[in-house]
Each structure stands twice: as C-alpha cells, then as structure tokens.
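Data block below; observations after.
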Amino acid sequence: MIWETEVDLNPAEKEEILRQAKELQKDNREEIAKIHVWTDSEGCLSFQPYFTRKIKRIRRITGYFSRVENFNDAKKAELLDRVVHM
C-alpha cells in the first residue's frame, strides 16, 4: 500500500486512518492500493483510500458468454486459434 501525504503523520494517526479505510474496504471487498492524506483550508485532516479493481473478462465463444477459466477444452482451443486483426 502506498501513502500519499501532504502532511506529516505520527504512527497513531496512520493507524487510525488505516482502520477507517479498512472499514470502507469491508463493503467492496477490494484491496487498498493507496491512501491520499491532506489538510483542507481549515486545517482538518482528510483522507481518500483508493482500491484495486479486479476486472473479470468475459468472452463470447460459439455464441455463449463466459469467463475463460470456465471454458472447456474445445472453447479454449478456439480462443487460441483466433487471428488478431489490427
């Protein structure tokens, strides 16, 4: 995890921010990639966690939509035989 801070944080502040970010993490089940910490014009400390996105790729082979890991051997062979057009 990466910390982007515009202010110096003591260990207790980092621990509290991380605890609050993990509370937000429970809702979306994604890993925390980085946390951006800053102070606003009034001097209040704010933070924004950024989460990794796990993309599930869906392909269409022989008329059916599915993820590649669910393909049978014939569909995997068809996928490997495809020609890439540029």
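Taken together, the values in this text are just the output of simple stated rules run on the coordinates, not laboratory data. All values reported here derive from a predicted model rather than from experimental measurement. Neighbour counts run over all protein chains shown; Cβ positions are idealised from the backbone, glycine included.
Brief remarks on what is shown
- Beta bridge orientation in region 2-51: antiparallel %, DSSP, nearest 5: 65 percent
- DSSP-defined antiparallel bridges as percent of all bridges, the chain, nearest 5: 75 percent
- Extension gain (nm, one decimal) between Tyr64 and Val84, 0.36 nm per residue minus Cα-Cα: 5.2 nm
- About the centre of its Cα atoms, region 8-86 shows a dipole size close to 800 debye [charges on the beta carbon of Lys, Arg (+1) and Asp, Glu (-1) only; nearest 20 debye].
- Each listed q (0.19, 0.22 Å⁻¹) maps to a log10 I(q)/I(0) for the chain from the Debye sum over equal C-alpha point scatterers, namely -0.85, -1.04.
- The lysine pair tally for the chain, using Cα distances under 25 Å and a gap of 8 or more places or different chains, is 15.
- Space enclosed by the convex hull of the alpha-carbon atoms of region 1-46, per residue, Å³: 77 Å³
- If R0 is taken as 22 Å, the Cβ-Cβ distance between Ile55 and Arg19 corresponds to a FRET efficiency of 0.20.
- Rounded tilt (10° steps) of 11-28 against the dominant C-alpha axis of the chain: 30 degrees
- Computed FRET value (nearest 0.05) for Thr39 with Ile2, which takes r as the C-beta separation and R₀ as 25 Å: 0.85
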